[in-house]
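S.K.: Just passing along the structure, written as structure tokens.
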Amino acid sequence: MNEGADDGGGAGGAARSPGCGPEGDGFVPSALGTREHWDAVYKRELQTFQEYGDTGEIWFGEESMTRLIRWMQKHKIPLDASVLDIGTGNGVFLVELAKFGFSDVTGIDYSPSAIQLSQNIIEKEGLSNIKLKVEDFLNPSTKLSGFHICIDKGTFDAISLNPDNAIEKRKQYVESLSRVLKVKGFFLITSCNWTKEELLDEFSEGFELFEELPTPKFSFGGRSGNSVAALVFQKT
Ligand SMILES: C[S@@+](CC[C@H](N)C(=O)[O-])C[C@H]1O[C@@H](n2cnc3c(N)ncnc32)[C@H](O)[C@@H]1O
């Protein structure tokens, strides 16, 4: 996974690059899969925000947020639907959702620095009704439940790189998702580590594909494809 990967070829123009895709039979474990890594990243970004007001990296670029909000608009998701952003990072997507009019928005992240940064950005934007919690999604509190919509932009990717039994962690992720999402609720995932087919396989139990969202195509060396997959699943 490339930091700051954007839609115009998030993986540096190639379908996959080191850190953004499995190599051989599985993912190469990486610091990107650890809490220490993310906490260090957001500690730095928090400092930068305090000094310069820069909100930092938006994973997969601005367009990734527009794409999701456009989908919600197209499907007339009510503005009072409860929305959970899993691994919210700097919380910029929460700000976009609230500005669009969503009134029941929650962001979780296992990095306390990420949640502090989100808090500071939300305050600066003058928004007050966004809920934030430090939570490990692989072990969510019982209070985290009943969501109509769950969003993941790069978090399942990060978890897939965990050096400590990533296969088990991916299973835990799917279990957590089943717990927090309502039946018939939607799960919107954006990934640069997994293809559409792989995601269909990962989320085959308890979820069905509702829609694939278009992402920009790349072509390289006579081959073409998408460097980012964006899918909407519905809980069955
Ligand atoms: C690639 S960043 C994406 C951040 C944000 N979603 C965005 O689009 O800008 C991955 C995020 O997932 C968070 N994360 C990774 N594993 C997590 C877990 N088990 N529970 C909660 N958050 C997690 C990291 O702290 C980081 O903020």
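The values are calculated or read from the model by the stated rules, or taken from the named source; none is laboratory data. Just so you know, these numbers come straight off a predicted model, no measurement behind them. Reconstructed Cβ throughout: ideal geometry from the backbone, glycine too, with neighbour counts over all protein chains shown. Calculation scope for accessible area: heavy atoms of the full protein, side chains included, ligands and nucleic acids excluded. Shrake-Rupley method; radii C 1.70, N 1.55, O 1.52, S 1.80 Å.
S.K.: Beyond 22 Å, what share of the Cα-Cα pairs of region 31-181 is found? Please give it as a whole percent.
M.R.: 38
S.K.: Now a separate question. Points 7 angstrom from Cα along the Cβ direction at Lys196 and Leu79: gap in nanometres?
M.R.: In this crude spin-label approximation the distance works out to 3.3 nm.
S.K.: With contacts defined as alpha carbon pairs under 8 Å and 6 or more residues apart, what's the relative contact order of region 31-181 in percent?
M.R.: Once normalised by length, the contact order is 27 percent.
S.K.: For the residue pair Lys143 and Ser128, what label-to-label distance in nm results when each label sits 7 Å from Cα along the Cα-to-beta-carbon direction?
M.R.: Label-label distance for Lys143 and Ser128, simple model: 2.0 nm.
S.K.: Could you check what % of the DSSP bridge pairs in the chain are antiparallel, to the nearest 5?
M.R.: In the chain, DSSP labels about 45 percent of beta bridges as antiparallel.
S.K.: Further question: Rounded to the nearest 500 deg cm²/dmol, what is the calculated helix-only ellipticity per residue at 222 nm for the chain, with -39500 (n - 2.57) per DSSP H run of length n ≥ 4?
M.R.: -10500 deg cm²/dmol
S.K.: Using heavy-atom solvent-accessible surface (probe 1.4 Å) with all chains present, what is the largest-first order of Lys182, Lys76, Lys196, Lys171?
M.R.: Lys76, Lys171, Lys182, Lys196
S.K.: How would you classify region 146-236 from its alpha-carbon gyration tensor, with a ≥ b ≥ c the square roots of the eigenvalues: rounded for a/c under 1.5, else prolate if a/b is greater than b/c, otherwise oblate?
M.R.: Note, shape of region 146-236 comes out oblate.
S.K.: Under DSSP H, which helices of the chain have Cα atoms covering 20 Å or more of the helix axis and a Kyte-Doolittle average no less than 0.0?
M.R.: Passing helices, by number: none.
S.K.: Over the heavy atoms of Ser103, what accessible area does a 1.4 Å probe trace out, to the nearest 10 Å²?
M.R.: Per-residue accessible area (Ser103): approximately 60 Å².
S.K.: What accessible area, in Å² to the nearest ten, does a 1.4 Å probe give for Thr66?
M.R.: Accessible area, nearest 10 Å²: 60 Å².
S.K.: Among Asp201, Asp109, Asp136, what's the order by accessible area (1.4 angstrom probe), most exposed first?
M.R.: The most accessible residue leads, giving Asp201, Asp136, Asp109.
S.K.: Taking H as built 1.01 Å from N, whose amide H comes closer than 5 Å to the amide H of Leu213, not counting residues under 5 places away?
M.R.: Amide H neighbours of Leu213: Ala230, Leu231, Val232.
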